[in-house]
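These notes are about the structure you will find just below.
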Amino acid sequence: MSARQGIIGTREPPEACDDGNTTSNDGCDSSCALEPGWSCPVNGRACQAAGCGDNIVAGAEECEDGNVIVRDGCDSDCRLEQGYKCPVIGRPCSHTTCGDAVTEGTEQCDDGNNNTGDGCSPLCMTEPRCANGICEATCGDGVMLPGSTAEECDDGNPRAHDGCSPACRLEPGFVCQSIEQEPPDLVRLPIVYRDFRGYDLPATAPLPQGHIDFQNKNGAETGIVKNLLNASGKPDYAKEGVPSTTTHGAATFAQWFVDTDLVNRPVVAELSLQRQPNGSYLYDNAAFFPLDDLGWVAAGLEPLRSDSGTPIRQRNFSFTSETRYWFEYKGTEVLEFRGDDDVWVFVNRILALDMGGIHGASTGTVNLSAQAARLGLSVGGIYEVAVFQAERHTTGSSYRLTLNNFASRRTQCRMLCGDGRVDAGEQCDDGVNDGGYGQCARGCVLGPRCGDHTIQTGSGEECDDGNSQDRDGCSATCKLEIG
């Protein structure tokens, strides 16, 4: 280390900056020249972005669309907004397209499909990968496993400069804490709906006749699915060669929970569960029609049908849904469900509840401790719950989902900026940070001042050569020198 690198606060002419290293592309290059778009006001400390909106991506900035307007994809701090990508500097941002097999913008992953439980959710969020109570530590999935030291933090995204790095390591300038003891009021689960046409609809080029398992037959029926999910995390048909009162074979059942051209239309959404006083999470809808204006109806290829409710409304029947979540088993969980028609619940990929067939609203309960041995559950293990549902006949649609213990631990970080103390990664912190002349600005970076390469005549500056030296034409107080 050179003398100039080891002594913070010294600067040798003709240095314009000195961040304590000889690395380029970090604001201060290897010859101590200031790089465009950066500000390096404090010797020996890391440089930061000079300002959002200058069309130069620097420091903690993730994007630059040439403005500081919010809700246009790139916010006023030049950080990406959820659901956006900003690939071209100085140009407007655009929405990401989850499912196009290209990971970009705020997407954590994109495997090009609408499947859940395969490591990448239909919302392009990383999912835990668990088997027999043991999960892989997957950085960015928002889950920290009990007893694991593989991650220092996990805030549910792979982005830098938010307290938890893309490698799930703590970043300076933030305080991060587990929120295990403070679960959220609302949990949103990715859910995939697949819309079908009822069997009473004739073939219309290029569409075949409506699906034979929908709007056809009636009656409760258990035993439709096998006891274990298949390798793709889907239910397998169990009645091949066995009489079934409401289904018509493995080939047609295999279309229920996978995207099938000309047979179903997938719709990706979120299911919001509210936290209850007892700590569980509940979604309860006695009129469950999530696709009224979507799917085949929106395409004009299926009619709405009359519901039997009061008042009678026109609804889109004939659809399936699939959702999952992961939980730490504590031995006290009791999960409750209601649905019409079919509802199947798998815990640790094993069938835990079978409410199959076409029927009115039926309820079911899964007491996990009573089934722990059969389901292979051990206290402290992380397990998957997968819920598959189908609405197959007119006359009502109901869905209730009560779940417990979302995630084991996750990390929530907040900036230390504003606490009145200069922490690692901050240039300054006066507790106010309003950016007055010679004061600290938002983000704990130094505001307008003598030495920032900009002449602030309103603050009495006559010159500004970007340094704090005298006898070089512009004094350390930004006054012109004579002679």
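Each value in this text was obtained by applying a stated rule to the coordinates, not by laboratory testing. Fair warning: this is a prediction, and the values are worked out from it, not measured in the lab. Using ideal geometry, Cβ is built from the backbone for each residue, glycine included, and neighbour counts are taken over all protein chains shown.
What does the helix-only formula give at 222 nm for the chain: each DSSP H stretch with n ≥ 4 adding -39500 (n - 2.57), the total divided by the residues, and the result rounded to the nearest 500 deg cm²/dmol? Please list the in-between numbers first.
Details: 4 runs with 20 residues, N = 483.
Rounded to the nearest 500, it is -1000 deg cm²/dmol.
Between Ala231 and Asp72, 0.36 nm times their residue separation minus their Cα-Cα distance comes to what? Show your work: numbers first, answer last.
Values: separation 159, 0.36 × 159 = 57.24 nm, distance 4.08 nm.
Computed gain between Ala231 and Asp72 is 53.2 nm.
Evaluate the relative contact order of segment 129-415 (contact order divided by residue number), counting alpha-carbon pairs under 8 angstrom at least 6 apart; express in whole percent.
Numbers: 704 pairs, mean separation 76.2, N = 287.
The value is 27 percent.
If you count, for each residue, the other Cβ atoms within 10 Å and average over each peptide, how do 87-100, 344-357 line up from highest to lowest?
Values: 87-100: 14.9, 344-357: 21.4.
Listed from highest to lowest mean packing, they are 344-357, 87-100.
How about the chain: what cysteines have no other cysteine beta carbon under 4.7 Å from their own?
Cys32, each lacking another Cys Cβ under 4.7 Å.
Need the full-extension length gain, Ile350 to Thr204, defined as separation in residues times 0.36 nm minus the C-alpha distance. One decimal, nm. Kindly include the intermediate steps, with their values, before the conclusion.
Working: separation 146, 0.36 × 146 = 52.56 nm, distance 3.95 nm.
In short, 48.6 nm is gained.
So what is the relative contact order of the chain, in percent, for Cα pairs below 8 Å that sit 6 or more residues apart? Can you show the working numbers first?
Working: 1200 pairs, mean separation 59.3, N = 483.
The normalised contact order for the chain reaches 12 percent.
May I ask you to order 317-326, 68-77 by the average number of other C-beta atoms within 10 Å around their residues, highest value first?
On the way: 317-326: 24.4, 68-77: 15.4.
So the order, starting with the most tightly packed, is 317-326, 68-77.
Just to confirm my numbers, what's the Cα centroid distance between segment 279-311 and segment 92-140 in Å?
27
Please report the spacing between the Cα centers of segment 64-87 and segment 411-438 in Å, no decimals.
Answer, in whole Å: 22.
Find the relative contact order for segment 245-372 and round it to a whole percent, using C-alpha pairs within less than 8 Å whose residues are 6+ positions apart. Kindly include the intermediate steps, with their values, before the conclusion.
Working: 127 pairs, mean separation 20.5, N = 128.
Computed over segment 245-372, the figure is 16 percent.
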